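What follows is calculated from the coordinates using simple rules that are stated; it is not laboratory data. The shown structure was predicted, so the numbers you read here are calculated from the model rather than taken from an experiment. Cβ placement follows ideal geometry from the backbone for every residue including glycine, while neighbour counts extend to all protein chains displayed.
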Amino acid sequence: MIVYRAKFDRAKDGIGVTFPDIPEAITCGFSEAQAVEYAVDALVTAFGEYMKRQLEIPRPRAHTKGTRPIALPTLAEAKIRLYEAMRQAGVRKADLARRMGLQKSQVDRLLDLRHRSRLDQIEAALAKLHKRLVVNVEDLPRAAA
């Protein structure tokens, strides 16, 4: 699970959210729930831009005082891991498309963090890079009583 730490700053007009590790990811919400939802969206947007510009995805730092964890959606994480595997192997989108017998536009969608790709497609792409997708189930933290 990819988890980044977010700083939530309350103001009278809402809750601002920033990420120490991802300075481009800035958002705000009117409620706690909305701020968390928008925080996830801000991360997805920032990482989509990193991928578009062929930049390395920054690794999250350890716990930072005064921050809260924000986890990326599982599908977005799978796509980011595919992107990282491609970068590590020096494989471009066109190369992966050839290996998979697909059009480059289909690989573009596999890497689009907003597109609802199927996990089996991501698994097939990773297999062409001699990688496999591993899924883990974890307990959610219990709410304080």
Could you give the size of the charge dipole of segment 3-71 about its Cα centre, using +1 on the Cβ of each K and R and -1 on the Cβ of each D and E, expressed in debye and rounded to the nearest 20? 280
Sparsely packed trypsin sites (Lys or Arg not before Pro) within segment 3-66, loop by DSSP, other Cβ within 10 Å at most 11: Lys12, Arg53, Arg61, Lys65
Simple spin-label estimate for Ala127 and Phe30 in nanometres, 7 Å along Cα-Cβ: 4.8
Checked against the positive end of the charge dipole of segment 4-145 (+1 on Cβ of Lys and Arg, -1 on Cβ of Asp and Glu, about the Cα centre), the farthest of Leu102, Thr45, Ala71 is Leu102
Explain nothing, just compute: Karplus ³J(HN,Hα) = 6.51 cos²θ - 1.76 cosθ + 1.60, θ = phi - 60°, for every residue of segment 109-116 in order, whole Hz, x for Gly and Pro. 5, 4, 9, 7, 5, 9, 8, 7
Distance (nanometres) between label positions extended 7 Å along Cα→Cβ at Arg10 and Lys52: 3.5
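Hey, got a sec? Which trypsin sites (Lys or Arg not before Pro) in segment 85-129 land in a DSSP loop and have at most 16 other Cβ atoms within 10 Å?
On the way: sites: Arg87, Arg92, Lys93, Arg98, Arg99, Lys104, Arg109, Arg114, Arg116, Arg118, Lys128; in loops: Arg92, Arg114, Arg116, Arg118.
Hits after loop and neighbour filter: Arg92, Arg114, Arg116, Arg118.
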Going by C-beta contacts inside 10 Å, put Met100, Met1, Met51 in order with the fewest on the left. Met1, Met100, Met51
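Cα convex hull of segment 3-71: mean projected area in nm², to one decimal? Write down the numbers at each step before the final one.
Numbers: hull surface 17.4 nm².
Reported value for the Cα convex hull: 4.3 nm².
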Can you put Ile26, Ile80 in order, fewest other beta carbons within 10 Å first? Ile26, Ile80
When the Kirkwood radius is taken over all Cα pairs of segment 50-99, what Stokes-Einstein diffusion coefficient follows at 25 °C and 0.890 mPa s, in µm²/s? 191
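Once you mark the GluC sites (Glu not before Pro) that are in a DSSP loop and have at most 16 other Cβ atoms within 10 Å, what is the longest gap between them in the chain?
Details: sites that count: Glu24, Glu56, Glu138.
Longest site-free region, per DSSP loop and neighbour criteria: 57-137.
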Tell me the mean residue ellipticity at 222 nm calculated for the chain from its helices only (DSSP H runs of n ≥ 4, each -39500 (n - 2.57), averaged over every residue, nearest 500). -13500 deg cm²/dmol
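Once the Cβ-Cβ distance between Val135 and Val3 is put in as r, and R0 is 22 Å, what FRET efficiency do you end up with, to the nearest 0.05?
Numbers: r = 16 Å, r/R0 = 0.73.
The pair Val135/Val3 has a calculated efficiency of 0.85.
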